[in-house]
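Okay, so here's the structure we're looking at.
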Amino acid sequence: MDIKSLIDQPNKLPTIPKVTQQLIASFSSENVSIGEIVNELSSDPALSAKLLRLANSAYFHVSRTIGTVEDALRMLGFVMVRNLVVSNGMATAFRNTPGIDLHQFWRYNLYTACSSRWLASAAGVNGDMVFTLGMLHAIGQLQMHVVMPETMAPLDREMSVLAAGRAELEKKTLGFHYGDVSSELARIWNFPEPLILALQATPLPLTQESFVESAGWVHLGAWRARTEILALNDEEIAASYPAELADRLGVERDWVPTFAAEATEGTTQAMPPLAELTEGLDAMLE
């Protein structure tokens, strides 16, 4: 199956909640009706409850209880609320995906998003788009498993969907990889062009004709997430570290706990443990 046939499956494309569609449209619009978004969110009790739980979580360190969706928007800002709701909408849309441990998959994406945002912010880069990209970068895997489970099963037996070499294996076997599919899905859903290009580039960012920095941050964040989710040992961590990409981004490797002993005064701050970095955001996965 080619990528066009994989995507051109209206009955197998996930249904995106209306409010998620509106928020996706806001990426490309300067005329966002905050009032309309608040009304849409407030009309969904389950989503409202989840958003308020997230807003009051340890992740945001708010000084007072946030009791309404409007308060959440005011306190967290529209971009962060959009990130949270769009991510939740995607997790909801792909609830039934054969061959994928969805709890592990979305935790990996959450770890990727938060790691990527931390890395980008530490480098003085706005982390909002990087967070969105981190949460969505692997959704192509879900579409591939929904549409062609029989094709994906032998690949899954050969290598985990989260493994570092997965994109290359898919490219060799299928002629495309999950980033290509993620990118095409984003195009169908009218995400902005920079995010579409970054989704395609994230699995193999150094092979692109033009380097996409946001894809680089997410690839590096995905590596950190993988070390945790797949419980890599120190030897595996050292062997798999994407040093060439880190150099391209200007990142010293002492941000990684395994390499902490190499740290010298004035070098990169170590990244907090991922459980701490993502504390409270687990509600997005439920």
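Summary of computed values
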{"read-out": "Among the listed pairs Lys12/Lys50; Lys18/Lys171; Lys18/Lys50, those beyond 22 Å (Cα-Cα)", "value": "Lys12/Lys50; Lys18/Lys171"}
{"read-out": "Glu40, Glu236 arranged by Cβ crowding within 10 Å, fewest neighbours leading", "value": "Glu236, Glu40"}
{"read-out": "Residues Val19, Val181, Val147 arranged by fewest to most Cβ contacts within 10 Å", "value": "Val147, Val19, Val181"}
{"read-out": "Nearby lysines by direct alpha-carbon distance to Lys172 (threshold 22 angstrom, same-chain neighbours under 8 apart not counted)", "value": "Lys4"}
{"read-out": "Mean Kyte hydropathy of -1.0 or more with a Cα span along the axis of at least 18 Å, helices from DSSP in the chain", "value": "78-93, 102-122, 213-229"}
{"read-out": "Normalised contact order of the chain, rounded percent, pairs of Cα under 8 Å and 6 or more residues apart", "value": "23"}
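Computed from the coordinates by the stated procedures, all read-outs in this text should not be read as laboratory data. Treat the numbers as computed from the prediction; the structure is a model and nothing was measured. Cβ sites come from the backbone with ideal geometry, for glycine too, and all protein chains shown count toward neighbours.
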